Amino acid sequence: MYDTLDLSVENGVATVCFNQPQRGNPIDGPLCNDICNLGIELSERPDVRAVLFTAEGEKAFSYGGDISAFLKDLDALPRLIKRWTADLHSGIARLQRMNAPIVAAVQGICAGGMAGFVAGADYVVAEPGTKFVAAYSGIGYCNDAGSSIMFTRRMGIARTRRYLLLNETIGAEEALAIGLVDKIVPAGELQVEARKMAERLAAGPTLAYGEIRRLLTSVEDQPLEAQLELEAQGLARMAGTADAREGLKAFAEKRKPNFKGR
């Protein structure tokens, strides 16, 4: 089904690997289409309880937008961008609203829209040499891929403004300090650590995770009373789930809960 990524699902973890390292895993038409289809598939698969994004290639997770594709027909580029972002943004929206949390394992250069895509993960693990490159204003463009939202949620609007306007590159240590990355691990441990977190999330209360993820998407644009009601409605929905009942019983019985994602 996919041209630019590989998908496998095991023990509740959907592993998505961008598979074009020779090209730097660029954001182009095929990748945007794949992300759109991926968002549809993963959001509808009951066996997916966590998602792990990885990428082949030591030098780069992704160099961002495919400049060579942009240069092919500059006059047609505005229409091309609208076509690509229609797919890309649809996929991102579905991934952000699904129940399964997202983990990203990042190495090398992560630039432009893919840096924004990674920032949308619930947990980001990076190697020490990882660099997040803003890229957009360096070629006279503004940002896409939800990066205005994802960067702001992770590192605040003031730091995001500086990062994007000045076309900055943020190293792993600074990314950790400002919240763009959640953990730095040695290169040889990146995949192991990221998978460990994905498996931990996959064993958790999947429906509750979904409610939490969606509540956090609305927290900045809802009035207090509206957000409180969204919390109350979500909590009531969770009270009727098998996982919530298991959680209460396990607490009372002083044992570890066995969540099934139902």
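Laboratory data are not the source of any read-out in this text; all were calculated from the coordinates shown. Quantities reported herein were computed from a predicted structural model and do not represent experimental measurements. Positions of Cβ are backbone-derived with ideal geometry, glycine not excepted, and every protein chain shown enters the neighbour counts.
Values for this structure:
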| quantity | calculated |
| --- | --- |
| Test item: Cα-centred dipole of region 5-202, Lys/Arg +1 and Asp/Glu -1 on Cβ, debye | 580 |
| Proximal lysine pairs, the chain, alpha carbons under 17 Å, eight or more residues apart or interchain | 5 |
| Placed amide H near G65: partners under 5 Å, 5+ positions off or other chain | I27, G113, M114 |
| Linear extension gain, I178 paired with R23, 0.36 nm per residue minus alpha-carbon span | 52.8 nm |
| Stokes-Einstein D in µm²/s, Kirkwood radius over Cα pairs - region 97-157 at 20 °C with 1.002 mPa s viscosity | 177 |
| Choice from C32, C142, C17 with maximal GNM fluctuation in the chain (Cα, 10 Å cutoff) | C142 |
| Cα shape, region 25-127, gyration tensor, a/c 1.5 rule | oblate |
| Calculated from backbone phi, Karplus (6.51, -1.76, 1.60) coupling profile of region 249-262 in Hz, x at Gly/Pro | 5, 5, 5, 5, 8, 6, 9, 6, x, 10, 7, 10, x, 10 |
| Extension reserve of the A158-K59 stretch, reckoned as 0.36 nm per residue once the Cα distance is removed | 32.7 nm |
| Dipole magnitude of region 206-252, debye to nearest 20 (Cβ charges: Lys/Arg +1, Asp/Glu -1, about Cα centre) | 300 |
| Residue among G39, G138, G116 with the largest mean-square fluctuation in a Gaussian network model of the chain, springs linking Cα atoms under 10 Å | G138 |
| Candidates T54, T15, T241, ranked by Gaussian network fluctuation over the chain, Cα under 10 Å, top entry | T241 |
| Backbone HN-Hα couplings from phi across region 83-100 [Karplus 6.51/-1.76/1.60, Hz, Gly and Pro as x] | 5, 5, 5, 4, 6, 4, 5, 4, x, 4, 4, 5, 5, 6, 9, 6, 6, 5 |
| Per-q log10 I(q)/I(0), region 4-51, q = 0.22, 0.24, 0.30, 0.33 Å⁻¹ (Debye; single scatterer per alpha-carbon; no solvent) | -0.78, -0.87, -1.11, -1.21 |
| Dipole-positive endmost among Q96, V51, Y2 within region 1-97 (Cβ charges, Cα centre) | Q96 |
| Nitroxide proxy distance, nm - points 7 Å out along Cα→Cβ at S148 and L80 | 2.3 |
| Shape call, region 206-252: gyration tensor on alpha carbons, a/c limit 1.5 | prolate |
| Selection of chymotrypsin sites (Phe, Trp or Tyr not before Pro), region 95-188, meeting DSSP coil and at most 15 other Cβ within 10 Å | Y141 |
| Selection of GluC sites (Glu not before Pro), region 209-242, meeting DSSP coil and at most 12 other Cβ within 10 Å | E220 |
| Relative pair counts by distance (%), Cα atoms of region 116-226, 5 Å bins | 2, 11, 18, 20, 18, 15, 10, 4, 1, 0 |
| Sequence-distant residues sharing a close amide H with K131 (under 5 Å, placed H) | G108, I109, C110 |
| DSSP beta bridges in the chain [antiparallel fraction, %, rounded to 5] | 30 |
| Ratio Rg/Rh, restricted to the chain and using Cα atoms, in which Rh is the Kirkwood radius | 0.98 |
